[in-house]
């Protein structure tokens with residue numbers, strides 16, 4: 001349930017809009033959402049037992065900005081790697097969206113097979129509702145396999161990469 005709702009005093013609360021924004025928060029794994037549309041402004045905030053992985057968001061026409069986690073993300077956060085039977089671990093999608101391996105068609109891929117990466121390295125971009133989210137590694141390691149292709153629709157928790165952590 002939201003812990004904070006802010007509306008201009010002169011406007012009526014549009015419950016349909018609030019429900020749609022809450023669904024967007026659920027879909028994107030957001031803990032906080034702030035939307036400004038002309039003179040209307042809506043801020044939603046949700047407490048969670050575990051903090052999600054931080055998501056860097058661009059500036060769309062209607063801003064949707066996640067909150068910084070209250071505590072560091074635990075090792076079992078959605079974007080953290082998880083062991084599998086094959087060599088290495090699986091890096092999973094922290095959200096639903098469209099996968100892109102590079103910032104633009106002419107640029108090199110963020111992560112290719114054999115590349116080493118650090119905790120702040122961007123591995124890919126996931127687009128959700130015209131917002132391009134840079135997905136960071138949050139650990140140190142090497143790319144063993146890329147499991148999706150540019151333009152693929154990915155689901156929450158879907159394997160994106162097979163990696164070897166170091």
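Here, each number is a calculation from the coordinates, and none is a lab measurement. What you see is a predicted model; the values in this text were computed from it and never measured. Because the Cβ atoms are built from the backbone with ideal geometry, glycine has one as well, and the counts that use them run over all protein chains shown.
Principal axis extents of the Cα atoms in the range 81-165, from largest to smallest and rounded to whole angstrom, are 34, 25, 20. Calculated FRET efficiency, residue 20 to residue 104, Cβ-Cβ distance, R0 = 30 Å: about 0.45 to the nearest 0.05.
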